[in-house]
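Read through the structure below, which is laid out as structure tokens, and then see the notes.
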Amino acid sequence: MNFTALIDSMRQDGDSLICDVPENWKQGRTVYGGTTAGLCLATARKLTGETRALRSAMISFVGPSTGQLRLTAEPIRAGRTTSTVRAKLTSNGAPATEVIFAFADQREDSQISIPAAGWPEGTRPPTSSEAQTIPAGMGPKFTQNFEYCYGFGALPYSGSDTADMGLWIRHIAPEARVGELSLMCIADAMPPALVTRMKGPAPLSSMSWQANFLTDAPTTDDGWWLLRARAHNLAGGFSSQEMTIWNTAGDCVVSGFQLVTVFA
């Protein structure tokens, strides 16, 4: 089941939405974080009727997501230019993910600007022949929904001195490549930067994630997005990393941070 089909499968139950996530969207014992974030965003839109552009998502992964998922959303405040919505996802009755979304359209009358940084020099979008899938069993199950292409930086499990890497990623299903839900889902699809320092796999998990959307309606060609993860700190089993996403035109569309824990 691709991501668009998964969103379409959500069904209403009173003031909640119910979703049964198949195994192909799992990361270990839990649902992949980009999927839960996308489900929460879809719930916030559907249950509150909010139509303004997504500006920010503050995501807390508080527990594993397994079995049947129940999602709720409630407005926190709706102002003249901005609204804030809280979405909650529970798994088997236990809290799993909570997200605070901020919605606000860009203001065309603003007179100040600072351009976002472009991608590293020498970077270019992939060609169709360069798209690769991760063989089954070589990565988390959810990666089977995406195509990848090397962008820049160190490689996972290379024991590198740097913790900075970039990957081009897109949904395999063409119908899942368009829209904010698609981008929200794909925004967490690369490994954390700390894996470049490692020489082999170890248990790890995202704890919190903030994603700021820099344009009202992000678009790209052929579904490709360039994701960058760059660790600022790694100590005591925790890593703080910067996360950036560009489209194929080189426009920075998402900027954020993530806290990752690793058991190694």
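The values are calculated or read from the model by the stated rules, or taken from the named source; none is laboratory data. These numbers were taken from a predicted model, which means no experiment stands behind them. Cβ: placed from backbone, ideal geometry, glycine included. Neighbour counts: every protein chain shown.
Output the residue which, of all residues in the stretch 149-180 that are surrounded by 15 or more Cβ atoms within 10 Å (Cβ to Cβ) and in a helix (DSSP H, G or I), is nearest to the chain's Cα centre (by Cα).
Filtering first and then ranking leaves Glu180.
Considering only strands (runs of 3 or more DSSP E) fully contained in the stretch 1-74, which possess at least 3 residues that are of a type outside the set (D, E, K, R) and touching a residue at least 60 places away in the same chain (Cβ under 8 Å)?
Working: elements: 11-13, 16-20, 54-61.
In the stretch 1-74, 54-61 are the strands (runs of 3 or more DSSP E) which contain 3 or more residues that are of a type outside the set (D, E, K, R) and touching a residue at least 60 places away in the same chain (Cβ under 8 Å).
Consider Asp251 carefully, then state whether it is at positive phi, at pLDDT 95 or above and either of a type outside the set (Val, Ile, Thr) or surrounded by 15 or more Cβ atoms within 10 Å (Cβ to Cβ) (or both). Give the derivation first.
Numbers: at positive phi: no; at pLDDT 95 or above: yes; either of a type outside the set (Val, Ile, Thr) or surrounded by 15 or more Cβ atoms within 10 Å (Cβ to Cβ) (or both): yes.
No; evaluated as a whole, the condition is false for this residue.
Examine the stretch 181-191 for a residue that is within 28 Å of Ala235 (Cα to Cα), polar (S, T, N, Q) and either touching a residue at least 12 places away in the same chain (Cβ under 8 Å) or in contact with a strand residue (DSSP E or B) (Cβ under 9 Å, 6 or more places away or on another chain) (or both), and state whether such a residue exists.
The answer is no, given that none of the residues of the stretch 181-191 is within 28 Å of Ala235 (Cα to Cα), polar (S, T, N, Q) and either touching a residue at least 12 places away in the same chain (Cβ under 8 Å) or in contact with a strand residue (DSSP E or B) (Cβ under 9 Å, 6 or more places away or on another chain) (or both).
Whether any residue in the stretch 92-115 is polar (S, T, N, Q), part of a strand (DSSP E or B) and touching a Leu at 6+ places or on another chain (Cβ under 8 Å) is what I want to check. It would help to see each step written out before you state the result.
First, pick out the residues of the stretch 92-115 that are polar (S, T, N, Q): 92, 97, 106, 110-111, 113.
Now restrict to residues that are part of a strand (DSSP E or B): 97.
From what's left, touching a Leu at 6+ places or on another chain (Cβ under 8 Å): 97.
Yes: the stretch 92-115 contains one or more residues that are polar (S, T, N, Q), part of a strand (DSSP E or B) and touching a Leu at 6+ places or on another chain (Cβ under 8 Å).
Quick one: in the stretch 228-248, of everything that is more than 18 Å from Ile114 (Cα to Cα) and of a type in the set (A, V, I, L, M, F, W, C), which residue is farthest from the chain's Cα centre (by Cα)?
Taking the candidates together, the pick is Ala235.
Which numbered condition trips up Thr261, out of (1) in contact with a Leu (Cβ under 7 Å, 6 or more places away or on another chain); (2) of a type in the set (Ser, Thr, Tyr); (3) in a loop (DSSP other than H, G, I, E, B)?
Here Thr261 clears every test but (3).
Of all residues being polar (S, T, N, Q) and free of Cβ contacts under 8 Å to residues at least 24 places away in the same chain in the stretch 82-113, which is farthest from Arg29 (Cα to Cα)? Just the residue, please. Working first, answer last.
Filtering the stretch 82-113 down to residues polar (S, T, N, Q) leaves 82-84, 90-92, 97, 106, 110-111, 113.
Then keep just the ones that are free of Cβ contacts under 8 Å to residues at least 24 places away in the same chain; that gives 84, 90, 110-111, 113.
Numbers: Thr84: 31, Thr90: 15, Ser110: 46, Gln111: 48, Ser113: 43 Å.
Among them, the one singled out is Gln111.
Against the condition within 24 Å of the chain's Cα centre (by Cα), farther than 20 Å from Met207 by Cα and part of a strand (DSSP E or B), how does Thr84 come out, does it pass?
On the way: within 24 Å of the chain's Cα centre (by Cα): yes; farther than 20 Å from Met207 by Cα: yes; part of a strand (DSSP E or B): yes.
Considered against the rule, which asks whether it is within 24 Å of the chain's Cα centre (by Cα), farther than 20 Å from Met207 by Cα and part of a strand (DSSP E or B), Thr84 comes out as yes.
Any idea which of (1) assigned to a loop (DSSP other than H, G, I, E, B); (2) hydrophobic (A, V, I, L, M, F, W, C); (3) touching a strand residue (DSSP E or B) at 6+ places or on another chain (Cβ under 9 Å) is the one Ala217 doesn't satisfy?
The number of the failed condition is (3).
On the given criteria, is Asp188 more than 21 Å from Glu23 (Cα to Cα), charged (D, E, K, R) and part of a loop (DSSP other than H, G, I, E, B)?
For Asp188, the condition - more than 21 Å from Glu23 (Cα to Cα), charged (D, E, K, R) and part of a loop (DSSP other than H, G, I, E, B) - is not met.
Can Ser129 be described as part of a helix (DSSP H, G or I), over 14 Å from the mean Cα position of the chain (by Cα) and surrounded by fewer than 20 Cβ atoms within 10 Å (Cβ to Cβ)? Walk me through how you get there before you give the answer.
Working: part of a helix (DSSP H, G or I): yes; over 14 Å from the mean Cα position of the chain (by Cα): yes; surrounded by fewer than 20 Cβ atoms within 10 Å (Cβ to Cβ): yes.
Yes.
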